[in-house]
Every structure is written in structure tokens, then in C-alpha cells.
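The values are calculated or read from the model by the stated rules, or taken from the named source; none is laboratory data. Fair warning: this is a prediction, and the values are worked out from it, not measured in the lab. Cβ: placed from backbone, ideal geometry, glycine included. Neighbour counts: every protein chain shown.
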Amino acid sequence: MLLPEKLKRIKEVVYKILDIDISSESVVIEEAKEANELPNEYLERFTLYPLQNKETLKGRENSLLSLERAFENWKILKTPVLVVTQPGEGATSLLHASTYIYPSAKILETNEAIDSYQNLVSLLQKYLQVEGEFKTLNDLKKEVNANCENEVIIIEDIERLFIRKINGFNLLEDFLLFLHGTKKNIFWVLSINKYSFYYLNRVKYFSSNFSYIINLNPIDNDLLREEITSRNAGYTTIFLKPGDISKKVEKKLKGISKEERQQLLEELFYKKLYNFSKGNISKAILYAKRSAYKVKEKVVYIKPYTSQAIEDLNLSDLFTLEAIFQHRALTIQELNIVLRNTNRTSRLTIEKLLEKDLIQIVENSKKTTTEYKINLMFLETLKDKLRSSLNRNIK
């Protein structure tokens, strides 16, 4: 990492370059329109990964307090907890960090859909460390209530227990019966995607199973800024004019010094980042990553990302996107079941949405077939599309 004095000297040199006569080619850096390829060493700083402990988790103090209270309440009332979250808000980090409250907690990460009753029984038996052979959840419930006490089980993405088809909710409902039948012995903490929660409430009154529900709040802007600043540590940051700059700001930039110009462009960048991310930490990190225009030695040039317009989405596209929203992620085969599509129809729609960058392939999936998820960069835009085109009342 470069020393502060050297970084300062680099910054001064760059400022001089940016402040030379407008006819010089060097000044075009502020008018840059096309991004250059960025080095992997820099890009790796913006990798999304869940945090593992309380000390590194920022902005979730209230949520951790809510989980502490929920655990204390469970000791008396025996009530399970549901955490409702948007993709990218850090629910995985929160749940992992919360284990200081209950160190012996077992975290069940449903990276794939649990597609059979016996698969669910085996999975629960494994995490509860109950020996024997059990054909039904009711048999397993009896064993748990007889031999387990004060267990804590955390299950992420509980929406993976259903698939939107006839009888596709049976597995989820059977699990909820098991949850209610064992909640005196097990403190259950579940998480669910906000769109799935909206959908399941509409069709199954899902929230009635939980008297304690925690909705994750947006991260404060100051913490978002701190997160982005820390990822740029060791680099001098030069802020470039955005492509959609207003005439008022353009005029103001011409009448101020190079230092004042950088301060104004920096504030403009973070204002756009806050408006885009809306307190979603992952969206903020991805926005900053896409805003990096060029890295040269230890100087990074930042040009605010401008999201592209979404056009030419037909009803088939919208229903496909909604299905992925509802299930968090789907394979082609699962999409065929949900929408009653032919394999060709689903593949054509998926390829179109991939080309538009509206969906992405799920990385590190344990499934042998490829899963697809919503691209976080278009999360709010796509929800707006579903509201306006399909009349969905999702927040």
C-alpha cells in the first residue's frame, strides 16, 4: 500500500493534468464515455461475500438486538422468527453474525431447492443430529421432542421449499407443521426473500405462522460511503463528470478550482450511488464497481454508472422474471413447471433476459443444472415493471 505522502503527490500531479488547457488531449479524461478494462486486483475488492461475525458487520445493530430479544422471548413464548429481506441486503451476514447470541446454532443454507419430502426429512435429521431412520416428519418430530432441548436452527431462503404449481406448497406446509410441533425444543430462525413473502402471503397467509417478524432496514448512507471508501483504500480517486450532468452543474464546474471541482463531482457520485442503492449494501458495491472507468498505477478514475433503459419486455418475459423473483432462483426445468412452458420457450426467454443482463447465472450452485437469479443492478427497475405491467403491489 502506498504511503499517504506519495498518494498526495500522485493526486497533485493528476489534478495538474486535469487542469491544463481544454485543447489538450489529456483533459478528455473528464469527458470519458467508454470504460477501459480494469485490473483483476482492483475488481476483486468489490467481490460480494457474506460476513461471518458481529465485529465486521456494520449497520445491523438494531437487527441484532431484535434477534437477541427474539431469543429471550422464545425462552418464554416459544415463538419462531422470520427475517424478511431484499436480495443483497446482507441477511446472510446478519444470520451468521447473530451466532454470538446462540453459539451452538446450526445454519442450514438452502443453496438449492429441496424437491422431495424424504430429502427434507434427511436434511433436518442431519442438522439436528438425530440418529435413526425416519420416513415422516411426524416421526422425526417425536424423536426431536423426546431427545432435543434448546436447539437453534437457522434456515436461509425458506422459499426454496415450494414451487409454484399444483400441490407445490405441500412440502412448505409440512415443514411449517413440523416447525410448530417442535418450537418448544427448537428456536427456529428463518429468512425469506421479500417478493416470496409478498406472494406467499397472498396465497397462503404465510406471515400468520410467525408472531415475530424482522424486516431489514436500509443501511445508512454514511456507512455505504465508508464501505466504498474502504474498498478504494490505497488508490487515489479522481471523479469524472457523469454522462447525464445538468446544465446547472456543468456551469458550476467551470467556475471553480480543480479541488472544488473534485469535491463537487465526488458528492455528485455519492448522491447517485445513494439514490441507486436505496440502502442496499450489495447494490452500492456493484454500483461503485461499475462506476470505475479506468485504473492506472494507483489512480482510479470514477465515472458514475448510468443504468440502461429496459425495453421490449413482453408478458412472457415479465412472467419469467416474476417467477424468478418468487423463488429467488430457478433452473430451466423448474421454470418449465412453474409457467407450464416447453423447454424451448423457457430457454429462448432465458437467453433473451441474459443478453439484456436482467438475470444472471447463480455462481457456486450445488445443483447439477444451472440456476438463474435477478441481476441486483436491475432489482428496483424490474419491480417497477411488475407493478405497472402486472399490477403487483410489492414494496
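Criterion first (surrounded by 12 or more Cβ atoms within 10 Å (Cβ to Cβ), under 30 Å from Glu334 (Cα atoms) and modelled with pLDDT under 95) does Ser122 satisfy it? So Ser122 passes the test.
Could you identify the single residue in Lys247, Lys283, Lys296, Lys241 that is closer than 30 Å to Leu216 by Cα and out of contact with any strand residue (DSSP E or B) (no Cβ under 6 Å at 6 or more places or on another chain)? Of Lys247, Lys283, Lys296, Lys241, the one residue that is closer than 30 Å to Leu216 by Cα and out of contact with any strand residue (DSSP E or B) (no Cβ under 6 Å at 6 or more places or on another chain) is Lys283.
Out of all the residues in the stretch 221-242, is one or more free of Cβ contacts under 8 Å to residues at least 24 places away in the same chain, of a type in the set (Asp, Glu), farther than 17 Å from Asn275 by Cβ and surrounded by fewer than 17 Cβ atoms within 10 Å (Cβ to Cβ)? No, the stretch 221-242 contains no residue that is free of Cβ contacts under 8 Å to residues at least 24 places away in the same chain, of a type in the set (Asp, Glu), farther than 17 Å from Asn275 by Cβ and surrounded by fewer than 17 Cβ atoms within 10 Å (Cβ to Cβ). The single residue among Ile155, Ile107, Ile114 that is touching a residue at least 24 places away in the same chain (Cβ under 8 Å) and either in a loop (DSSP other than H, G, I, E, B) or not assigned by TED's automatic domain parsing to the domain that holds Asp174 (or both) turns out to be Ile114.
Residues checked against (1) at pLDDT below 95; (2) more than 30 Å from His180 (Cα to Cα):
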residue: Val13; (1), (2): yes, yes
residue: Glu25; (1), (2): yes, yes
residue: Glu41; (1), (2): yes, yes
residue: Gln52; (1), (2): yes, no
residue: Glu72; (1), (2): no, no
residue: Lys75; (1), (2): no, no
residue: Pro80; (1), (2): no, no
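Taking the criterion of being farther than 28 Å from Ser63 by Cβ and either of a type in the set (A, V, I, L, M) or surrounded by fewer than 14 Cβ atoms within 10 Å (Cβ to Cβ) (or both), would at least one residue in the stretch 150-163 satisfy it? Taking every residue of the stretch 150-163 in turn, at least one turns out to be farther than 28 Å from Ser63 by Cβ and either of a type in the set (A, V, I, L, M) or surrounded by fewer than 14 Cβ atoms within 10 Å (Cβ to Cβ) (or both).
Residues of the stretch 330-382 that are among the basic types (Lys, Arg) and in contact with a strand residue (DSSP E or B) (Cβ under 9 Å, 6 or more places away or on another chain): Lys367, Lys373.
With respect to the conditions (1) in contact with a helix residue (DSSP H, G or I) (Cβ under 6 Å, 6 or more places away or on another chain); (2) touching a residue at least 60 places away in the same chain (Cβ under 8 Å); (3) not aliphatic (A, V, I, L, M), Thr349 falls short on a single one, namely (2).
When each of Ile256, Ile245 is tested for being at pLDDT below 95, surrounded by fewer than 18 Cβ atoms within 10 Å (Cβ to Cβ) and closer than 15 Å to Tyr305 by Cα, the lone residue that passes is Ile245. Of the residues making up the stretch 150-184, those that are under 25 Å from Pro103 (Cβ atoms), touching a Lys or Arg at 6+ places or on another chain (Cβ under 9 Å) and charged (D, E, K, R) are Glu151, Asp157, Lys183, Lys184. Is it the case, given these coordinates, that Lys356 is over 17 Å from Lys165 (Cβ atoms), charged (D, E, K, R) and in contact with a helix residue (DSSP H, G or I) (Cβ under 8 Å, 6 or more places away or on another chain)? So Lys356 fails the test. Looking at the stretch 339-395, which of the residues that are under 21 Å from Glu109 (Cα atoms) and hydroxyl-bearing (Ser, Thr, Tyr) is surrounded by the fewest Cβ atoms within 10 Å (Cβ to Cβ)? Looking at the filtered set, the residue picked out is Thr368.
So that you can scan it fast, the table gives a plain yes or no per residue for (1) of a type outside the set (A, V, I, L, M, F, W, C); (2) in a helix (DSSP H, G or I); (3) in the same structural domain as Asp244 (by TED's automatic domain parsing); (4) within 23 Å of Asp384 (Cβ to Cβ):
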residue: Glu266; (1), (2), (3), (4): yes, yes, yes, no
residue: Leu273; (1), (2), (3), (4): no, yes, yes, yes
residue: Ile285; (1), (2), (3), (4): no, yes, yes, yes
residue: Ala288; (1), (2), (3), (4): no, yes, yes, yes
residue: Lys294; (1), (2), (3), (4): yes, no, yes, no
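Do you know which residues across the stretch 293-320 are β-branched (Val, Ile, Thr), over 30 Å from Thr345 (Cβ atoms) and surrounded by fewer than 17 Cβ atoms within 10 Å (Cβ to Cβ)? Scanning the stretch 293-320 gives Val299, Thr306. When Asp357, Asp384, Asp317 are checked against the criterion of being outside any loop (DSSP other than H, G, I, E, B) and closer than 25 Å to Tyr270 by Cβ, a single residue qualifies: Asp384. Does Phe210 count as under 28 Å from Pro87 (Cβ atoms), of a type in the set (A, V, I, L, M, F, W, C), more than 22 Å from the chain's Cα centre (by Cα) and modelled with pLDDT of 95 or more? When the stated conditions are applied, Phe210 passes them.
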